Every structure is written in structure tokens, then in C-alpha cells.
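The values are calculated or read from the model by the stated rules, or taken from the named source; none is laboratory data. Note that the structure is predicted; figures quoted are calculated from it, not measured. Note: ideal-geometry Cβ built from the backbone for every residue, glycine included; neighbour counts use all protein chains shown. With ligands, DNA and RNA removed, areas are computed over all heavy atoms of the protein, side chains included. Shrake-Rupley method; radii C 1.70, N 1.55, O 1.52, S 1.80 Å.
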Amino acid sequence: MNQAPWIDLRSDTVTQPGAEMRAAMEHASVGDDVYGDDPTVNRLQDVTAEMFGYEAALFAPSGTQSNLIALLVHCARGDEYLVGQEAHTYKYEGGGAAVLGSIQPQPIANQADGSIALADIAAYIKPDDMHFARTRLLALENTIGGRVLGSAYMAAATSLARARGLATHLDGARICNAAVKQGISLREATAGFDTVSVCLSKGLGAPVGSVLCGPKALIEQGKRWRKMLGGGMRQAGIVAAAGLYALEHNIARLADDHANAARLSAGLAQIAQLKVATPQTNIFYIEVPPAAVDALRAALLRERIRATVGQYTRLVTHINVSAADVERILDVFTDFFKDWQHAS
Ligand SMILES: *Cc1c(COP(=O)(O)O)cnc(C)c1O
């Protein structure tokens with residue numbers, strides 16, 4: 001008997017390139033990108049810069065590296081950046097800015113909606129005084145934990161930063177989700193930021209890569225850092241082709257992931273033992289009774305559903321989770337909690 005295929009809700013990084021994306025990779029023209037000779041990488045960089053409204057762009061092997069390059073071009077040794085406590089560029093990048101750039105983060109508590117309060121941004125900018133690190137940069141993230149920072153907030157935060165002489169960087173790993181959700185263009189979603197890092201390998205479904213967009217002069221400096229960090233890749237057009245395919249075909253369909261997350265959340269909310277958040281995009285959290293965690297994890301695995309199950313469980317929809325998969329997941333959860341209630 002055929003077993004059902006695995007459903008993986010751990011992250012939108014787990015997506016598999018489909019046949020058409022693989023065909024684009026197979027047929028990509030390539031060259032040595034360290035010499036600037038790879039036509040597919042060059043096209044990816046031009047297309048991305050144009051789509052997001054920037055002068056230039058740089059293909060990097062990961063979002064961690066592309067964010068680090070941005071921090072390194074904006075900040076020098078002894079500078080600091082203002083960043084959310086929950087932000088990837090502070091919490092999930094191994095302290096790279098401090099380790100490799102001698103750049104100090106100034107983490108600031110995120111509000112419940114994922115934003116950093118404007119008053120906090122203003123208050124944490126340090127005066128020009130030899131006791132303090134030089135505050136150089138505001139780094140924001142959108143979406144953050146699946147939450148959308150709206151255009152009005154983004155405009156206010158970047159204006160405040162600019163008025164106080166700070167540069168601005170957007171960790172836009174999932175900026176396309178934020179744009180699709182708000183029904184705005186990619187250019188509107190990144191307006192006001194000096195640089196933006198866009199992940200191709202999250203919801204867009206490419207296997208590898210991020211693109212850093214910004215002014216030509218900063219991107220040129222960024223190329224030096226990328227080489228130093230080991231991110232100078234040779235015939236990288238093979239993977240850049242997947243990124244191009246993703247930008248051309250997989251942005252509008254993010255709305256399907258948002259709809260699937262909404263349906264999954266609404267169905268799970270019917271289960272009395274769960275506390276379920278309402279997703280804004282493709283990521284949301286549920287609270288599982290601690291006593292049920294181990295058994296739920298096992299029950300999901302038995303039904304070929306992968307999730308990072310804990311008391312606070314993050315669920316993520318993506319291109320390889322279909323509407324039918326959502327119904328299968330709901331059936332498994334519903335059955336489990338029916339039995340679990342009886343057993344407890
Ligand atoms: C995934 C992610 C990145 C980059 O991660 P890599 O795994 O290094 O590509 C950066 N920022 C956010 C918000 C992310 O979710």
C-alpha cells in the first residue's frame with residue numbers, strides 16, 4: 001500500500017524545487033561569477049534590483065550572509081545597530097556582526113505586533129560622546145515571526161532613522177509575504193530602506209540563496225565582504241536560475257500559503273485543548289498542553305507530519321503544503337485530541 005507523502009510544517013525552508021524550476025536550473029547559462037561572468041547571476045541581480053527598486057544587487061549563498069554583508073557595509077568597528085530582541089539579525093545569526101565586524105548590537109524589545117516602538121528607537125540612539133558606541137543603523141525585519149509591519153509604521157520608522165542620521169536595513173527574508181498580504185508592490189514594501197535582503201529559499205521555494213539590494217556604492221563594498229566571507233561562488237548561475245524562476249512564478253501564489261495557514265488555524269481553533277493564534281501570513285503559533293507534547297509529536301510522525309512540537313509550536317505553510325494536506329493535518333489533530341481528552 002502506498003503511504004501518504006510527508007507533510008513538513010517546520011519551516012518554509014524545507015521546500016523542494018519542482019520540475020519546472022529544475023529545468024530552469026538545467027538550462028541555465030553559467031560563467032565564473034567571481035569574474036562577474038555568470039550571465040544568470042547577473043540577470044538575477046538586475047531583475048531583483050529592478051523589482052525592489054534599487055540601483056544594484058548582490059547574490060549571496062544565504063540570508064545570514066547577506067544580512068551580515070549589509071551590517072558590515074553600514075557599520076564599522078565600534079559602531080552599533082538598533083535591532084529587535086526577536087530579530088534574526090540579532091538572535092539567530094550567531095552574533096556574526098560582533099564576531100566578524102566588531103559591531104555592537106543594541107537590542108530593543110519588540111512590541112506584540114513585531115514592531116519596535118518609535119519612542120524606543122529614538123531613546124536608544126546614543127549621543128555623540130566617547131563613552132558610547134556610534135549608533136549607525138536601524139535594522140528591521142518584515143515579516144517578523146509571520147507578523148506584518150504595515151507601510152505606515154515602516155515609513156515612520158525609516159523617516160525617524162533618517163532624520164537622526166542613521167542608515168536603514170530591512171531583513172526582508174519574507175518581504176514578499178508582507179507585500180502580498182498588504183496588496184502592495186515590492187517597491188512599496190521596501191520603500192525608505194537603504195538596503196534590503198531578500199530570501200529566495202523561504203516561501204519563494206528556491207533551494208539556495210538570498211539577494212542584497214542597495215545603492216551601487218554599497219553593493220560594490222559588499223562584494224569585497226562577500227568574497228572575504230567565502231561567499232564568492234563560481235558557476236552559481238545553476239542556483240541563480242532557480243531564484244529567477246522563483247521571483248517570476250512564486251510570489252503571487254504566496255496568497256495560497258496565507259489562505260492555507262488561515263484554514264489550518266481556524267480548524268485547530270475548534271480543538272478545545274489548543275490555544276491558537278490567528279496567522280497574518282504563513283506562520284503562526286499554537287499552545288499545546290505540556291502533558292500532550294510528546295504524544296502529539298509521536299502521533300504526527302506516525303501520520304507522516306513533521307512539526308517542531310513543543311508547548312509553543314510554530315506551524316509554517318509553504319508551496320509543498322496543499323489545501324488537501326491542511327485537511328489531513330486537521331483530521332490527525334482532531335483525532336488525537338479526541339482520544340487524548342478521553343485518556344486524561
Ligand atoms: C531564514 C531567515 C534569514 C536567513 O537565513 P539563512 O538560513 O541564512 O538563509 C534571515 N532572516 C530571517 C527573518 C529569516 O527567516
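Observations
- Residue that is farthest from the ligand (Cβ to nearest atom), among those in the stretch 11-39 that are open to solvent by 100 Å² or more (accessible area, probe 1.4 Å) and not aromatic (Phe, Trp, Tyr): HIS27
- Residues of the stretch 306-335 satisfying the condition of being buried (at least 19 other Cβ atoms within 10 Å of the Cβ) and farther than 18 Å from ALA266 by Cβ: VAL309, HIS318, ILE319
- In the stretch 200-239, the residues that are out of contact with any strand residue (DSSP E or B) (no Cβ under 6 Å at 6 or more places or on another chain), open to solvent by less than 10 Å² (accessible area, probe 1.4 Å) and either not in a loop (DSSP other than H, G, I, E, B) or not assigned by TED's automatic domain parsing to the domain that holds ALA56 (or both): GLY237
- If only residues of the stretch 273-296 that are touching a residue at least 12 places away in the same chain (Cβ under 8 Å) and out of contact with any helix residue (DSSP H, G or I) (no Cβ under 8 Å at 6 or more places or on another chain) are counted, the one that is surrounded by the most Cβ atoms within 10 Å (Cβ to Cβ) is TYR285.
- Residues in the stretch 114-131 that are away from the ligand (no atom under 16 Å from the Cβ) and in contact (Cβ under 8 Å) with a residue 24 or more places away in the chain: LEU118, ILE121, ALA122, TYR124, ILE125, LYS126.
- Summed over the stretch 269-309, residues that are within 22 Å of the chain's Cα centre (by Cα) and assigned to a loop (DSSP other than H, G, I, E, B) total 8.
- Screening ASP257 with (1) in contact (Cβ under 8 Å) with a residue 60 or more places away in the chain; (2) open to solvent by 10 Å² or more (accessible area, probe 1.4 Å); (3) away from the ligand (no atom under 14 Å from the Cβ) gives one miss only, at (2).
- Condition check for GLN182: more than 16 Å from the ligand (Cβ to nearest atom), polar (S, T, N, Q) and touching a residue at least 60 places away in the same chain (Cβ under 8 Å): no
- ALA23 being touching a strand residue (DSSP E or B) at 6+ places or on another chain (Cβ under 6 Å) and in a helix (DSSP H, G or I): no
- Screening LEU170, LEU82 for residues that are surrounded by 21 or more Cβ atoms within 10 Å (Cβ to Cβ), within 20 Å of the chain's Cα centre (by Cα) and away from the ligand (no atom under 16 Å from the Cβ) leaves exactly one candidate, LEU82.
- Selection within the stretch 1-10 - open to solvent by 60 Å² or more (accessible area, probe 1.4 Å) and more than 16 Å from the ligand (Cβ to nearest atom): MET1, ASN2, GLN3, PRO5, TRP6
- When restricted to residues that are of a type outside the set (Gly, Ala, Ser) and crowded, with 23+ Cβ neighbours inside 10 Å, the stretch 157-167 contains 0.
- Number of the condition not met by PRO61 [criteria: (1) more than 15 Å from the ligand (Cβ to nearest atom); (2) over 17 Å from ALA161 (Cβ atoms); (3) out of contact with any helix residue (DSSP H, G or I) (no Cβ under 8 Å at 6 or more places or on another chain)]: (1)
- Boolean, ALA157 is within 13 Å of the ligand (Cβ to nearest atom) and not in a loop (DSSP other than H, G, I, E, B): no
- The stretch 83-145 holds helices (runs of 4 or more DSSP H) entirely within its bounds, and those carrying 2 or more residues that are of a type in the set (Ser, Thr, Tyr) and in the same structural domain as LEU170 (by TED's automatic domain parsing) map to 88-91.
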